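> Would you mind keeping the following structure in view while I ask a few things?
Laboratory data are not the source of any read-out in this text; all were calculated from the coordinates shown. For clarity, every value in this text was computed on a predicted model and none was experimentally measured. All Cβ positions, even for glycine, are placed from backbone atoms using ideal geometry, and neighbour counts span all protein chains on display.
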Amino acid sequence: MALAESITTRAGTKLSAQHVQMAFSRDGKTTPVLNDVNLQVAKGEFLCIVGPSGCGKSTLLSAIGGFLSPTGGEIRIDGEVVSGPDPRRIFVFQERGVFPWLTVEGNIEFGLFKLAQRERRARVAHYIEMVGLRGFEKAYPSELSGGMKQRLEVARALAVNPDMLLLDEPFGALDSITRLIMRGELLGIWREERNTVIFVTHDIDEAVQLADRVAVMSGRPAGIQQTIDIDIAHPRDISAPRYLELRNGILEQLGIAHHV
Amino acid sequence: MNALSAPRKWERFLWPVVASALFLVMWDYAVVHTATKVFPSPLMVEQGIAELSRKGVLWAYIGDSLRRVALGFGAAVAVGVPIGLTLGWYPAVNQVVNPVLQMLRPISPIAWIPVAILLFGVGDGTAVFLIFLAAVFPIVVACISGVATVPAIYRRAGRNFGLSAPQLLLRVVFPAALPQIIVGLRLALGIAWLVVVAAEMIAVDSGLGYLVIDARNSGKRYDLVVAAMLMIGLIGLVLDLGFRSLRKIRSVRWGFRDES
Ligand SMILES: Nc1ncnc2c1ncn2[C@@H]1O[C@H](COP(=O)(O)OP(=O)(O)OP(=O)(O)O)[C@@H](O)[C@H]1O
Ligand SMILES: [Mg+2]
């Protein structure tokens, strides 16, 4: 039984990072940022990464996305070593990544150039509907609010049907009400699409509300200090004792007392 | 009306018209007051324009000047934009070519006249070549800086969706740099219009520049000189306004702060 389970989890591994090292050199000085990062992410899992500011979360996510190559160790996705960016895993920035010269439709269509016209139209319509931008098809990003731009960027990513979404503090620039709404929407989308999601955030509550598992990074040079399973079913009650227990556990991991 | 409310449509036309009328009145007064025999009054200039129009040279000369600018400027766009985009795209190449570019750039197109005549003889070729030279440098420079300042986040998103290098240049870098390129084109067109007058004074026997010099040389017809000057100013204004309206195009409007 135990053996069978470990085999299925191994078959279901989406991403595996092993002994990942990353150092930046500038002016002849080398700064180690990531030090021996080890991480497994299962297919369809929602993983949140939290850690102190500047510890290397964005760096790790960029390496997973193939935009940076690690100076040591390796990152495999579906068993293959990551060697560059790939439409199968889309990196979502804070809303600044949408193209201002394209309409909402044009942005969502951007990655679909290999598809036939009809399929393209269908996908664009589907994802516009999904992220609630109906009626804004012909609008330009400058006419949208921050939350709408963020939805647009998520829709553009989803339209190419990636099996992985890499989100770097996607809701960081939004006000707290919009952020709450967007979390709910992202969960809804994830439940529908079942992509593997790696979500970097500063916000412990956000992590505990969204994730199947939270990876806590240590200070620089950073490794994964601990991963914590969030064993609460959705929709999550954010005043339940178990929620608070998990949240406080992460705060303690980060060395932040829960009294301000 | 307060300072923030947009001026009403009739106001936007009224005040420039008032200012122009005031200018004409002052001009007329100065001529009458000084009792000058050489400098024409606005009315004499108006009669001069009518005379040129009757003889049929006015429209022919305007047409000649515009044709030369269209050819020279068109060639500058056709050559300058690809070169500028390439240099912006490959900073290493730019570093090699830049010193030469920076050395050629401050040479006034007027200084090229002997060389131009040597190459193209006295005639249209020389005029067009001088306009080309004057326009091509600002275009190249605008394209280089336009490409160099495209936010890395856009290139990264483009690569993430699997674009090849030429696709990235065409679908991301070019549209992202386009507002800056348009600013450069507008500048270049203004310079081209300045240079056509100078070129026509020397290299050809038609066009508004030729009209200025010819009216002076054959009988000191200062009414016609000022008539030609006025036409040059008016056409320059119309060209610039035409170019300015390009920024209203929706896919570039985002790049002009005052328009979005
Ligand atoms: N291109 C680079 N060159 C040199 N140093 C870099 C580079 N990118 C990141 N760093 C350094 O690596 C460290 C980690 O940066 P990173 O952006 O990954 O942190 P982060 O955890 O995402 O921080 P934040 O929570 O503030 O977004 C920082 O100290 C930063 O200065
Ligand atoms: Mg970061």
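> Report every pair of residues separated by at least 6 positions or lying on different chains whose Cβ atoms are under 8 Å apart, first residue within the stretch A:161-176 and within 12 Å of ligand 2 (Cβ to nearest atom), second among the polar types (S, T, N, Q).
A:168/A:58; A:168/A:94; A:169/A:94; A:169/A:201; A:170/A:94; A:170/A:150; A:172/A:94; A:172/A:201
> Moving on. Tell me, please, whether a residue that is crowded, with 21+ Cβ neighbours inside 10 Å, more than 12 Å from chain B (Cβ to nearest Cβ) and in contact with a strand residue (DSSP E or B) (Cβ under 7 Å, 6 or more places away or on another chain) can be found in the stretch A:168-175.
Looking for residues that are crowded, with 21+ Cβ neighbours inside 10 Å, more than 12 Å from chain B (Cβ to nearest Cβ) and in contact with a strand residue (DSSP E or B) (Cβ under 7 Å, 6 or more places away or on another chain), one finds at least one in the stretch A:168-175, hence yes.
> Same structure again: Taking the stretch A:59-82 only, how many residues are surrounded by fewer than 18 Cβ atoms within 10 Å (Cβ to Cβ) and small (Gly, Ala, Ser)?
Residues meeting the conditions: 4.
> Moving to a separate point now. Identify, by number, the condition in (1) of a type in the set (Lys, Arg); (2) more than 29 Å from residue A:30 (Cβ to Cβ); (3) within 16 Å of ligand 1 (Cβ to nearest atom) that residue A:57 doesn't meet.
Answer for residue A:57: the failing condition is (2).
> What pairs come up if the first residue lies in the stretch B:241-255 and is facing chain A (nearest Cβ under 8 Å), the second is not in a helix (DSSP H, G or I), and their beta carbons are under 6 Å apart, counting only those six or more places apart or on different chains?
Close Cβ pairs (under 6 Å, with a partner that is not in a helix (DSSP H, G or I)) amount to B:251/A:101; B:253/B:260; B:254/A:100; B:254/B:260.
> Filter the stretch A:8-62 down to the residues that are of a type in the set (Ser, Thr, Tyr) and within 17 Å of the chain's Cα centre (by Cα), then identify the one that is farthest from residue A:78 (Cα to Cα). Steps first, answer last, please.
Step one: of the stretch A:8-62, the residues of a type in the set (Ser, Thr, Tyr) are A:8-9, A:13, A:16, A:25, A:30-31, A:53, A:58-59, A:62.
Checking the rest, the ones that are also within 17 Å of the chain's Cα centre (by Cα) come to A:13, A:16, A:53, A:58-59, A:62.
Numbers: A:13: 7, A:16: 8, A:53: 30, A:58: 21, A:59: 21, A:62: 17 Å.
The residue in question is A:53.
> Give the residue that is farthest from the other protein chains (Cβ to nearest Cβ), with candidates limited to residues of the stretch A:83-104 that are buried (at least 20 other Cβ atoms within 10 Å of the Cβ) and in a helix (DSSP H, G or I).
Out of the qualifying residues, it is A:104.
> Residues that are within 14 Å of chain A (Cβ to nearest Cβ): find the helices (runs of 4 or more DSSP H) completely inside the stretch B:102-209 holding 3 or more of those. If you could, list the steps in order and put the result at the bottom.
Working: elements: B:113-120, B:124-148, B:152-160, B:165-168, B:174-202.
Answer list for the stretch B:102-209: B:152-160, B:165-168, B:174-202.
> Taking the stretch A:191-227, which residues are away from ligand 1 (no atom under 16 Å from the Cβ) and crowded, with 20+ Cβ neighbours inside 10 Å?
A:195, A:196, A:197, A:208, A:209, A:210, A:211
> Output the residues belonging to the stretch B:59-80 that are surrounded by 21 or more Cβ atoms within 10 Å (Cβ to Cβ) and of a type outside the set (D, E, K, R). Give the steps one after another, and end with the answer.
Taking the stretch B:59-80 and keeping what is surrounded by 21 or more Cβ atoms within 10 Å (Cβ to Cβ), we get B:61, B:64-65, B:68-69, B:72-73, B:76, B:80.
Listed by number, the residues that qualify are B:61, B:65, B:69, B:72, B:73, B:76, B:80.
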